[in-house]
1. Is there a residue being within 19 Å of Phe12 (Cα to Cα), assigned by TED's automatic domain parsing to the domain that holds Ala90 and free of Cβ contacts under 8 Å to residues at least 24 places away in the same chain anywhere in the range 192-214?
2. Return the residues of the range 128-166 that are outside any loop (DSSP other than H, G, I, E, B) and within 13 Å of the ligand (Cβ to nearest atom); say none if nothing qualifies.
3. Of the residues that make up the range 93-100, is at least one touching a Leu at 6+ places or on another chain (Cβ under 8 Å) and surrounded by fewer than 18 Cβ atoms within 10 Å (Cβ to Cβ)?
4. Take Ser234 and tell me if it is modelled with pLDDT of 95 or more, over 20 Å from Leu66 (Cβ atoms), hydroxyl-bearing (Ser, Thr, Tyr) and out of contact with any Gly (no Cβ under 8 Å at 6 or more places or on another chain).
5. List the pairs whose first member sits in the range 85-109 and is more than 16 Å from the ligand (Cβ to nearest atom), whose second member is polar (S, T, N, Q), and whose Cβ atoms are under 9 Å apart, counting only residues at least 6 apart or on separate chains?
6. Checking Ala61 against (1) part of a helix (DSSP H, G or I); (2) farther than 25 Å from Ala28 by Cβ: exactly one of these is not met. Which one?
7. Among the residues of the range 45-52, is any within 12 Å of the ligand (Cβ to nearest atom) and either touching a residue at least 24 places away in the same chain (Cβ under 8 Å) or part of a helix (DSSP H, G or I) (or both)?
8. Gln113: polar (S, T, N, Q), surrounded by 11 or more Cβ atoms within 10 Å (Cβ to Cβ) and more than 16 Å from the ligand (Cβ to nearest atom), yes or no?
Amino acid sequence: MPPQESHYRGRFAPTPSGPLHLGSLLAAVISYLEARRLGGQWLLRMEDLDPPREQAGAADAILRCLEAHGLYWDESVLYQSQRSEAYEAALHKLQQQDALFWCQCSRKALKGQMTYPGTCRTFRSPRANSAVRYRVTEQCDVFIDGFQGSQTANPAQDFGDVILKRRDGFYAYQLAVVVDDARQGITDVVRGIDLLHASYWQRALFRQLDLPTPNFHHFPVLIHANGQKLSKQSQAPAVSLQTPERNLRQVFELLQLDVAPTRPDQMLAHATTLWQPDQLKNIQSLPIALAKMPNRV
Ligand SMILES: [Zn+2]
């Protein structure tokens, strides 16, 4: 008898601003294991929204890197650079709901503010040389995060009005991610805890746009032994395509999965049988010793 069909749809959504580093490989692996454990689909989305920050060839390099690690995705890759019409349609819908305003505040004018102070909230129709902001009015939102447990915030007060389209004309991540999670039918968002706060904006937008809200699961970020987050900014080295077994071993060690080094796809299949999301419950960071980082390419 065929296994019961799962409706779970997860995704990995890298930004092609450089090659994958260990933190992004960890993100890919956790989202992959969770989707496969539940017999679901694992989709890929290239978050290439911001051409000035992108590196030529990085998107293709990421795909080759995933393949080298046996991380094969379902369906075709969705490229955000090709989704402008959908983002514009969503903005139009929000405008019809009077949920937007046009903001001309400079970075300098907002310096030192924890959240947007509401300066331009009265500009409810388009004006030139403006960013488009979403008016966040919700005063209480509560949800259960798959890894981090019960979450609650006052989005209006704690996070404030968020930019959906930048003054330079590029669409903002917060809009694109919601429109695309809906487009790809994502049921479960599995990503790093550094994006936990963004869930409140995104949850508000899913509701406002009348789109199904996915479940959220925020796993711990990798930190250096000195407490700094492992990121491209902190010179995290690229994972080497020459040593996929070793890179996967390193990720599995972080997840406390005892997987022997074989072929990457076999290692992932083995890890899928061992993986239990409870292992990451309420853990916010995973320290990694610099000596254990993979070699530079
Ligand atoms: Zn403003």
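The values are calculated or read from the model by the stated rules, or taken from the named source; none is laboratory data. Bear in mind the structure is a predicted one, so any value in this text is a computation, not a measurement. Quick reminder, even Gly has a Cβ in these numbers, built from the backbone with ideal geometry, and neighbours come from all protein chains shown.
1. Yes - at least one qualifying residue is present in the range 192-214.
2. Answer for the range 128-166, where residues must be outside any loop (DSSP other than H, G, I, E, B) and within 13 Å of the ligand (Cβ to nearest atom): Ala131, Val132, Arg133, Tyr134, Val162, Ile163.
3. Yes, that holds for at least one residue.
4. Answer is no for this residue.
5. Once the first residue is more than 16 Å from the ligand (Cβ to nearest atom) and sits in the range 85-109, its partners that are polar (S, T, N, Q) give Tyr87/Gln80; Lys93/Gln208; Leu94/Gln208; Gln95/Ser125; Gln97/Gln208.
6. Going through (1) part of a helix (DSSP H, G or I); (2) farther than 25 Å from Ala28 by Cβ one by one, Ala61 breaks only (2).
7. Taking every residue of the range 45-52 in turn, none turns out to be within 12 Å of the ligand (Cβ to nearest atom) and either touching a residue at least 24 places away in the same chain (Cβ under 8 Å) or part of a helix (DSSP H, G or I) (or both).
8. No: the conditions fail for Gln113.
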